[in-house]
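Okay, so here's the structure we're looking at.
Nothing in this text is a laboratory measurement; each read-out follows from the coordinates by a stated rule. Keep in mind it's a predicted model, so treat the numbers as computed, not measured. Note that we place each Cβ from the backbone using ideal geometry, even for glycine, and neighbour counts take in every protein chain shown.
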Amino acid sequence: MAAVGIDEAGIERLVRRFYGKIMTDDLLGPIFGRIITDWEPHLRKMMDFWSSIALLTQRYDGRPMPVHIQLGLEPPHFERWLSLFRETAHELFPADGAEFLIGKAENIARSFQMGIQFFTVPKKP
Ligand code: HEM
């Protein structure tokens, strides 16, 4: 993945800067704040996650879908998450590296939203 300028140090910078923004975000901060009391293990997990995606290191082997189905997330949450992620990726990586990461994030966000739609029982009118 060196061709698009992504390495472990870059992934650590991305995760720290992105979740730094998430922590103080008015919409997403409180959702994370309710669940995460100690941020460092979450940040380490997310570095493993992005390392597995971008550098194919297989360091992450969790199942993120069930976690996100339980959070009661709606489209504006995903729009904000992706907007902060896009901004951060472009701050830190050359355009093709940033676009690679953003494409992966968009696909995963889409699959989470499909999972949420599938497993959420619609409210009666
Ligand atoms: C709507 C926006 C999102 C919110 C509010 C959100 C929130 C959270 C929270 C609170 C956790 C921690 C759960 C726990 O420790 O029990 C978590 C874990 C995680 N999130 Fe998200 N998330 C969002 C979108 C995404 C997206 C788009 C991705 C991927 C591109 C992602 C990837 C992950 C991963 C890999 C974990 C770790 C799951 C595990 O193995 O424990 N999240 N998320």
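Tabulated data
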item: Filter result for PRO41 (outside any loop (DSSP other than H, G, I, E, B), farther than 23 Å from GLY115 by Cα, near the ligand (Cβ under 10 Å from one of its atoms) and not polar (S, T, N, Q)); result: yes
item: Those residues of segment 37-66 which are within 17 Å of ARG17 (Cα to Cα) and aliphatic (A, V, I, L, M), in sequence order; result: LEU43, MET46, MET47
item: Residues satisfying the stated conditions in segment 57-74, i.e. closer than 21 Å to ILE116 by Cα and not small (Gly, Ala, Ser); result: ASP61, ARG63, PRO64, MET65, PRO66, VAL67, HIS68, ILE69, GLN70, LEU71, LEU73, GLU74
item: Inter-residue pairs, beta-carbon under 8 Å, first in contact (Cβ under 8 Å) with a residue 12 or more places away in the chain and small (Gly, Ala, Ser) and in segment 43-54, second outside any helix (DSSP H, G or I) and within 11 Å of the ligand (Cβ to nearest atom), 6+ apart; result: SER51/TYR60
